[in-house]
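See below for the structure under consideration.
The values are calculated or read from the model by the stated rules, or taken from the named source; none is laboratory data. In this text, all values refer to a predicted model and were calculated from it rather than measured experimentally. Heads up, the Cβs are rebuilt from the backbone with ideal geometry, glycines too, and the neighbour counts pull from every protein chain shown. With ligands, DNA and RNA removed, areas are computed over all heavy atoms of the protein, side chains included. Shrake-Rupley method; radii C 1.70, N 1.55, O 1.52, S 1.80 Å.
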Amino acid sequence: MKSIEDYVQLEPQYYQNVLNNYQNLFDNPLVQISTEKIDNVIIYATGSSSNAAYGALPFMSKVLQMPVQVEEPSISENYLLNVKDNTLCLAISQGGHSYSVVKLVERLQKSGHTVFTLTSEPDSPVAKVSDNILAMGMPIEEMPYVSAGYSVEILDLILIALVIAEKEQKISKQEYDQYLVQLEDIVKILPDVIERAEKWVTGNLPTFSQAKRIMFIGYGAAYGVSREGETKTTEAVRISSWGKELEEYMHGPYLGLMQDDYVICIEPNGKLQQRQDLLKRFLDKHVEHVYTIYADDAKSKKEHDLSLEVEADELFAALYMTIPIHLLAYRLSKEKGHDLEHSAYPDFDQITSSKI
């Protein structure tokens, strides 16, 4: 079975395959979409798929020029029963076995809503109940703790938004082409990003292996990265971890800070960089281990920080800034001797039916 690290190495290949085939993947299936008939988008996803949706959300909202929100399928299925007729519903289940997503898709379709389901498994339970399938454009990920699938979902959502925005003239053909060039440029530089991330993880692994709690803080598209940091660290390393949005963290959670906490700031070099710099000034006074992962070549970075040296729109940050997070979680799991190929609690799904 491939490891998280193996799948990180495959991300440039998977990204390129999606970019080469995005018109077949999304253009034709989405031909029925007209933004004259929709005025908002709801993405239904949980776990890493939800994190991916938050990573793509700011870009989608910008080019579609309408509200885009992410909702938990279980909450939506049981408590948020009123969906407007002019809502574009997107459901995500990479492996296609999520109980809550399957039930939600069934309910929405029964109520007369058109739902597009994004999945990599064409024979899965969610695919069997879905009227409109969008293929992710990558093979089924063998590793139960997804990494490449999370990243590809971000690219898929970005391209879905671009396809709709260009078709409905929300953006010009020139803007559309410029965005595609940026995406191609990110794919080209991805091997260098992976190499820098590997060196950073290797250099800091002895220190991180002492961590009892790790917090990830980001904003904009990097908020999805911080959430994925919480998810993967909890799943793979099995220590306490939190992923917070910058202002959310500053409005209460900072009061639970402990001196031996490890804090990783995800810095996409965007609109709120000065706000995050102020937070780091505070953190440096109270915590020994504060790290920053920068999207670009940060001139003021500290010795233990990481610069990925990518020059791109900050709204694309989630496409590459999770790489060091996934690698760190994997390497720490190996340090602790965790077997990621088998569930730590094999009776969980048997009892809860979380996966169908």
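A simple spin-label model places pseudo-atoms 7 Å from Cα toward Cβ; at Gln259 and Met1 they are separated by 4.1 nm. For Lys285, the lysines whose Cα falls under 19 Å of its own Cα, not counting residues fewer than eight places away in the same chain, are Lys301, Lys302. So which aspartates and glutamates can Lys167 reach, going by Cα to Cα under 14 Å and dropping same-chain residues fewer than 8 places off? Correct list for Lys167: Asp27, Glu36, Glu175, Asp177. Let me know the shape class of region 204-313, please: from the alpha-carbon gyration tensor, a ≥ b ≥ c as square roots of the eigenvalues, rounded when a/c is under 1.5, otherwise prolate if a/b is greater than b/c, or oblate. Rounded, since a/c falls under 1.5.
Bridging of Lys110 to aspartates and glutamates at a Cα separation below 16 Å is possible for Glu77, Asp85, Asp131, once same-chain residues fewer than 8 apart are set aside. Given +1 at the Cβ of Lys and Arg, -1 at the Cβ of Asp and Glu and no other charges, the dipole of region 181-309 around its Cα centre is 360 debye to the nearest 20. Rolling a 1.4 Å probe over the protein heavy atoms gives region 1-108 an accessible area of 42 Å² per residue. Of Val181, Val41, the residue with the largest accessible area leads and the full order is Val181, Val41 (1.4 Å probe).
From helices alone, the chain scores -15000 deg cm²/dmol at 222 nm; the rule is -39500 (n - 2.57) for each run of n ≥ 4 DSSP H residues, then divide by the residue total. Of the residues His286, His113, His338, ranked by 1.4 Å probe accessible area with the largest first, the sequence reads His286, His338, His113. What angle, in degrees between 0 and 90 and rounded to the nearest 10, separates the Cα long axis of helix 222-232 from the longest principal axis of the Cα atoms of the chain? For helix 222-232, the angle is close to 80 degrees.
On a per residue basis, region 176-252 carries 39 Å² of accessible surface, using protein heavy atoms and a 1.4 Å probe. Taking the DSSP beta bridges with both ends in the chain, the antiparallel portion is around 5 percent.
In this simple spin-label approximation, Ile140 and His251 carry label points 7 Å from Cα along the Cα→Cβ vector, and these lie 4.3 nm apart. Between Phe348 and Ser74, the distance separating the two model label sites (each 7 Å from Cα on the Cα→Cβ line) works out to 1.2 nm. If I take R0 = 41 Å and measure r between the Cβ atoms of Lys299 and Glu335 in this structure, what FRET efficiency does the formula 1/(1 + (r/R0)^6) give, to the nearest 0.05? With a Förster radius of 41 Å, E is 0.80. The charge dipole of region 101-200, taken about its Cα centre with unit charges on the Cβ atoms of Lys, Arg (+1), Asp and Glu (-1) only, comes to about 420 debye. Overall, the accessible surface of the chain at a probe of 1.4 angstrom is composed of carbon and sulfur to the extent of 47 percent.
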